[in-house]
Amino acid sequence: MRSVVLVFVFLWQYSNIRECSCLWQLHATNVTRPLQDVLNRTIHVAEEADTPLFNETTLMNFTYTIHIGINSSELESAENSSRVAQVDCLGLGETVAKSLESFFRSKPNGSDALDVRFFLSSRKQPRRVEVVLGEQFGLEWTDFKIERRTVIIVHGFLSHGNETWISDMERALLQWDDVNVMVVDWSAGSNTWNYYKAAVNTRIVGYQISKFIEHVTNATISNEGSDMSNWGPLHLIGHSLGAHICGMAAKELKKRQSRWTIRRITGLDPAQPCFRNADPSVHLHKNDASFVDVIHTNGRLLTSLGLGLPEAIGHVDFYPNGGKVQPGCARTEPWYFDYLPISKNDTEAIQKAICSHGRSYIYLTESLASAATGNCSFWAHHWDLTYRNLLQIITEPCDANVCTEMGIRAEMYNHRGIFFVATASTHPFCTNSTDITEEVKRQLQLDFGEIIGID
């Protein structure tokens, strides 16, 4: 019962402060095929009939399905279907999971999923300009230049394009370099208490982003010819569910054999609930772009209220301060917690998870500011996720030959793998060193269940 209460309070708390994404979990039963198979078949039928790809009817019938460890052809077998049918993403048991699934499926998905808005900005035109998909599409009122790097920012669950962290990152990007910034607002599909629908919408929003990119590609070729040698790179940045949306957009562009491909995807604490054991076809994966870097800031088990994926899924996976709980995420006590049937320890766990989940985008934004001024680096050591190795690496000096950097400059290094990063507990978080704070030491001792013995 305690776990059930925590889950509901978690979502309620988040919906009030609106700081991070993906707080509810998705549960799928009666699995028949992966989500990508369902959507691919929908696309095929729509193209043959020369009808719109998505409409009210198809959205109502979308089923977000998950398969674990077997391919789609094997799922046709009743035996295999039953083997993967029970996927309890809440960790609350089959009975509760079935009840929650019934709630999640209670209403049709609706056409809100298609209501994705796109806003462009640049140094010359820092005030955002909305660009509309469809017949009215045009870049005439923007300062978009395809020769620049184009950075696309995607928010997550219960969020929107005007979040403070997005505006901060947008300003930092424009300070860092002369880039095109595109903010994706899919709040019509994400601002719902039904996390099930928001999870379904990741595929649809990814499709809409790929469609927007193709519109830009076609408009540029029409106006300037087909020479693509001077086109800037595409870089997608997504937080929580937004990270998986970026992966979906990249998969769609590959399938369409788009001429403008995504060079880099930065996943900011990609959502864990129901994506942890899912097939790579429905979440962010290193095969989605030439360079995929991931910042894990709340990669704990679901039973410990972890919102981000704990596993490495990119070419480079950064685990700042161990990647589970971030220092400085102190407890606060809003008045409404006094009326809830949860302990103070549970309250602290909820708020630490929310804060830690959001630190991923704060670290990236700070790395942009530091790169622009050249005053600090988030140095990152190779790490095998053990204490023994941690004791060794924190005593070693960092330079470009040994370490890489977490944040915007990660693409400048050839290092690949898993990395540990030490940060401060307050802004500025970049310390220019690998020294671990006392708070982090204590937290690591709790996380790993042993004393590390660092002097």
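Of everything in region 170-196, what is assigned to a helix (DSSP H, G or I), at pLDDT 95 or above and not acidic (D, E)? Give them in sequence order.
Step one: list which residues in region 170-196 are assigned to a helix (DSSP H, G or I), which gives 170-176, 187-190, 195-196.
Now narrow it down to the ones that are at pLDDT 95 or above: 170-176.
Across region 170-196, the qualifying residues are R171, A172, L173, L174, Q175, W176.
What do you reckon, is G358 touching an Asp or Glu at 6+ places or on another chain (Cβ under 9 Å), under 30 Å from Q175 (Cβ atoms), at pLDDT 85 or above and in a loop (DSSP other than H, G, I, E, B)?
On the way: touching an Asp or Glu at 6+ places or on another chain (Cβ under 9 Å): yes; under 30 Å from Q175 (Cβ atoms): yes; at pLDDT 85 or above: yes; in a loop (DSSP other than H, G, I, E, B): no.
So G358 fails the test.
Suppose we keep only residues that are in a loop (DSSP other than H, G, I, E, B) and under 27 Å from the mean Cα position of the chain (by Cα) within region 375-403. Which one would you say is farthest from Q175 (Cα to Cα)?
Taking region 375-403 and keeping what is in a loop (DSSP other than H, G, I, E, B), we get 375-378, 383-386, 394-403.
Now narrow it down to the ones that are under 27 Å from the mean Cα position of the chain (by Cα): 376-378, 383-386, 403.
Working: C376: 16, S377: 17, F378: 19, W383: 32, D384: 35, L385: 35, T386: 38, C403: 26 Å.
Taking the candidates together, the pick is T386.
Sort out which residues of region 140-162 are among the basic types (K, R) and more than 19 Å from A249 (Cα to Cα), and write them in order of number.
K145, R148
Hey, does region 254-268 have a residue that's aromatic (F, W, Y), touching a Leu at 6+ places or on another chain (Cβ under 8 Å) and assigned to a helix (DSSP H, G or I)?
No, the conditions are met nowhere in region 254-268.
Which numbered condition in (1) buried (at least 24 other Cβ atoms within 10 Å of the Cβ); (2) outside any strand (DSSP E or B); (3) of a type in the set (A, V, I, L, M) is the only one that V216 fails?
(1)
Residue check: is G407 at positive phi and either touching a Lys or Arg at 6+ places or on another chain (Cβ under 7 Å) or at pLDDT 90 or above (or both)?
yes
For (1) crowded, with 24+ Cβ neighbours inside 10 Å; (2) touching a Phe, Trp or Tyr at 6+ places or on another chain (Cβ under 7 Å); (3) over 28 Å from K324 (Cβ atoms); (4) not aromatic (F, W, Y), each residue gets a yes or a no:
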| position | (1), (2), (3), (4) |
| --- | --- |
| L174 | no, no, yes, yes |
| M182 | yes, yes, yes, yes |
| S187 | no, no, yes, yes |
| F212 | no, yes, yes, no |
| W231 | no, yes, yes, no |
| L234 | yes, yes, yes, yes |
| L241 | yes, yes, no, yes |
| E252 | no, yes, yes, yes |
| W260 | no, yes, yes, no |
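Within region 126-156, can you find the residues that are of a type in the set (D, E) and in contact with a Ser or Thr (Cβ under 7 Å, 6 or more places away or on another chain)? Step through it out loud before you land on a result.
Our first condition is that a residue be of a type in the set (D, E); within region 126-156, this holds for 130, 135, 140, 143, 147.
Of everything in region 126-156, just one residue is of a type in the set (D, E) and in contact with a Ser or Thr (Cβ under 7 Å, 6 or more places away or on another chain), namely D143.
Go through region 404-421 residue by residue and tally those that are in a loop (DSSP other than H, G, I, E, B) and surrounded by fewer than 23 Cβ atoms within 10 Å (Cβ to Cβ).
Result for region 404-421: 4.
Given the criterion assigned by TED's automatic domain parsing to the domain that holds V325, polar (S, T, N, Q) and either more than 23 Å from C355 (Cβ to Cβ) or at pLDDT below 90 (or both), identify the matching residue among T373, T423.
Just one listed residue meets the conditions, T373.
Please verify whether G306 is part of a loop (DSSP other than H, G, I, E, B), at pLDDT below 90 and buried (at least 23 other Cβ atoms within 10 Å of the Cβ), treating the condition exactly as stated.
Answer is yes for this residue.
Filter region 269-286 down to the residues that are outside any loop (DSSP other than H, G, I, E, B) and either in the same structural domain as I350 (by TED's automatic domain parsing) or not polar (S, T, N, Q) (or both) and list them by number.
Listed by number, the residues that qualify are A271, P280, V282, K286.
The values are calculated or read from the model by the stated rules, or taken from the named source; none is laboratory data. Model, not experiment: these values are computed from the prediction. Virtual Cβ from ideal backbone geometry, glycine too; neighbours counted across all protein chains shown.
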